[in-house]
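> Before anything else, here's the structure in question.
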Amino acid sequence: MLLLELALVALCLLMLRAAYRGEWLLACPTHFIALYFLMIFFGLNSIYSIGVDSANSIGLTVRPSLIITVWVFPVAFCLASLAILSLPRLRRRPRLSWVSPSGKGTVVSCIVMLILGAVLFGLYWRRLGSLPILMSVQGTIESTSELRRASTMLYSGLLRRIWLIFCRYMLVLVSLSMYIEWRVSKTRILKAITVISVCLTSLVLIADTQKAQLVFFMFQLFLVESIYRYIEYGQHPSIGRYVPWTAAALLVVIGLYVCTMDIVRPMGHLGDKVGYAIGAIIRRTTITQALPLVVIFGDVPDCMPLLLGATWPNWGVLPHDQFDLSQYAFWRLYGIPGGAASTLFLGETYANWGLGGMIVAILGFSMAMPFAHILLMNRCKNAQGIATYAFLSGYLMRLAITQVSMGLGLPLFTLVVFRAVCLFAKTVIPVSMRPTPLSRAGGYAGFEEERSSCTNG
């Protein structure tokens with residue numbers, strides 16, 4: 001079985017490489033959605049073969065339809081990518097030799113959003129008294145999970161969505177935008193703002209001891225740099241460049257586990273703590289991710305009717321109260337209310353619309369993601385286009401571990417708000433103060449002439 005799984009993964013990689021050609025490693029975030037299901041399958045196989053206490057205690061079994069679903073999606077995604085990107089009109093795309101900055105309006109908007117996010121995070125910090133990550137590292141609390149739940153639900157309703165948009169998502173977009181603006185213009189002031197933004201964003205993402213958010217952010221930064229080098233210098237990213245970033249991400253996650261997990265603290269030796277942390281990471285990315293799917297496919301529609309869209313936020317318009325599927329899965333598994341278990345977007349689709357809705361979702365996402373790659377890569381002509389691609393790609397990855405509203409809904413809304421603020425800033429700034437694009441040397445004059453001479457000669 002293991003050899004068959006590895007063979008299918010290798011086949012998927014070969015199809016993706018043939019479809020995306022030189023850009024196949026730039027589209028890696030969307031690939032991760034498909035390949036992540038391999039880890040889910042490992043988890044399902046473990047639950048099926050050896051059983052898991054939390055699943056056995058409530059009589060859950062792995063259904064064949066669930067195993068088929070886990071493999072249908074990545075195969076459908078690879079085949080759709082190969083078919084769509086093989087079309088003659090989509091085979092090649094024009095590419096600029098230089099990346100141009102987005103302008104002063106975007107930079108001003110980023111600074112405003114950075115200040116607003118810092119203020120909201122300061123209010124969050126003050127209301128808690130101390131950050132959960134600091135209390136966990138200091139060892140002043142007994143239960144990290146309880147404090148995380150309390151801090152996560154500190155705000156509710158509309159106020160919670162505002163906090164998520166302007167702190168959890170907007171700071172990430174600002175950091176990516178400022179990073180690429182600095183890489184293009186190479187000015188010291190933008191470098192300083194970028195460092196401040198990246199540090200603040202990292203602190204906000206791990207404030208409540210969550211690890212995955214910071215890992216996604218690290219890969220978004222790596223993707224920004226990779227796309228910049230690809231557009232600016234024509235450097236195709238290699239698999240070797242992913243190795244140090246992946247190693248760094250693993251070290252960060254292991255360090256956070258060692259410092260924050262309650263069960264690790266009593267262990268005496270550092271080696272034992274690291275070993276347990278590595279085992280916990282493997283369980284969290286396989287069995288723990290698969291269990292909510294087992295719950296959803298086991299309870300719907302036998303124990304719970306189809307939700308018919310009730311998992312989507314109502315935003316004060318739709319006539320229903322939002323049903324939190326992740327909290328339901330957590331309660332079913334562990335018998336404790338208030339927690340959250342990762343629910344893949346396919347599981348959410350099945351809970352809402354059944355098998356037919358899940359088939360539509362598989363076909364829809366499989367066809368939409370290659371087109372999204374084409375659209376976003378064609379917009380990578382300036383700094384803001386590259387930042388947008390990396391921002392959305394990072395949250396496309398999150399669809400593998402969360403619901404659509406959290407994985408893509410709020411990030412898209414955040415992007416709309418950011419664009420509106422940038423447009424307003426560009427309108428307010430007088431025409432005489434609007435800069436022309438920066439050249440590599442840091443000046444404004446002669447950029448178009450210099451580009452034209454380099455392109456023609």
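Rule-based calculations on the coordinates, nothing more; no lab input. What you see is a predicted model; the values in this text were computed from it and never measured. Cβ: placed from backbone, ideal geometry, glycine included. Neighbour counts: every protein chain shown.
> So what's the Cα pair-distance distribution over region 160-204, bin width 10 Å, in %?
31, 47, 19, 4
> Once the piece of chain linking residue 246 and residue 269 is laid out straight, how much longer is it, given 0.36 nm per residue of separation minus the C-alpha distance between them? Spell out each step's value before the answer.
Values: separation 23, 0.36 × 23 = 8.28 nm, distance 2.54 nm.
Extending this stretch completely gives an extra 5.7 nm.
> Please list, or write none, the lysines whose alpha carbon is within less than 21 Å of the alpha carbon of residue 426, excluding same-chain residues fewer than 8 places away.
The qualifying lysines are 104, 381.
> Once fully extended, how much extra length lies between residue 367 and residue 283, figured as 0.36 nm per residue of separation less the alpha-carbon to alpha-carbon distance?
Numbers: separation 84, 0.36 × 84 = 30.24 nm, distance 3.10 nm.
Net length gain for the segment: 27.1 nm.
> Sticking with this structure for a sec: Note down the nm distance, to one decimal, between modelled labels 7 Å out along Cα→Cβ at residue 239 and at residue 359.
A separation of 3.6 nm, rounded to one decimal place.
> If I model a spin label at residue 306 and residue 199 as a point 7 Å from the Cα along the Cα→Cβ vector, what separation in nanometres do I get?
It works out to 5.3 nm between the two label points.
> Continuing with this model, one more query. Report the extension gain between residue 71 and residue 7 in nm, rounded to one decimal, defined as 0.36 nm multiplied by the number of residues separating them, less their alpha carbon distance.
Details: separation 64, 0.36 × 64 = 23.04 nm, distance 1.26 nm.
Here the segment from residue 71 to residue 7 would lengthen by 21.8 nm.
> Once a ≥ b ≥ c are taken as the square roots of the eigenvalues of the Cα gyration tensor of region 330-401, is the result rounded (a/c under 1.5), prolate (a/b larger than b/c) or oblate (a/b not larger than b/c)? Can you show the working numbers first?
Numbers: a/c = 5.49, a/b = 1.74, b/c = 3.15.
Here region 330-401 falls in the oblate category.
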